[in-house]
Amino acid sequence: MRYLTESFALAALRRGRTIEQFLGAVGRPDQPGIRWVEVRPAPVGYTVMLHTAEDIGGEHFYDLTEFPALDSDGEEDFGQEVATAEDESQAMATAEASTGAVPGRWVNAGIAQDEYLDFVRAGRTPRLTSTTEPN
C-alpha cells in the first residue's frame, strides 16, 4: 500500500518523519513543470514546503530531488515555505488547503517520485486537483 492512512501519516510526523504528496503538472507548454508538497517536522512544530521543478524526468530518471527548480535563480535547494503549524493535524490540513493536496494521498518521504513515475507512464496527464500557485 503506497498511501498512508491519516493515522499513519500523523504517526510518521510525530516520529520526526517527512510526508509528501505529488501534485501534478504546472508551468507552460514551453517550460513544463511539476509540483509536490512536503510536511516536515521543524524544531518547533511542522513546516509545509511546496516544491516546483522543471519536468525533465522520465522512465529512468524520476528522483524529484535532482530536478532543477522551475524559474530558478540557480539555487540548489529550492522550495517555498507555505506555512508552519504547531501540530501535525493542523500541518496536514494547512497543506491540503493551501496547495491542493488531497487527503488520503500522502506518502512517506521519497515515495512522491513513484507518483511522478506513474504520471510519466500515464502520458503526463494532469491530476484533477488544482495546479495553481498556493493561496
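The values are calculated or read from the model by the stated rules, or taken from the named source; none is laboratory data. On a predicted model such as this, the values are computed, not experimentally measured, just so you know. Note that each Cβ is placed from the backbone with ideal geometry, even for glycine, and that neighbours are counted across all protein chains shown.
Here is the figure for the range 91-122: residues that are in a helix (DSSP H, G or I), in contact with a strand residue (DSSP E or B) (Cβ under 8 Å, 6 or more places away or on another chain) and within 15 Å of Met49 (Cβ to Cβ) total 7. The number of residues in the range 13-36 being crowded, with 19+ Cβ neighbours inside 10 Å and among the acidic types (Asp, Glu) comes to 1. When you look at Val44, is it surrounded by 19 or more Cβ atoms within 10 Å (Cβ to Cβ) and more than 15 Å from Arg124 (Cα to Cα), yes or no? The answer is no for Val44. Considering only residues in the range 1-12 that are of a type outside the set (Ser, Thr, Tyr) and at pLDDT 95 or above, the one that is surrounded by the most Cβ atoms within 10 Å (Cβ to Cβ) turns out to be Ala9.
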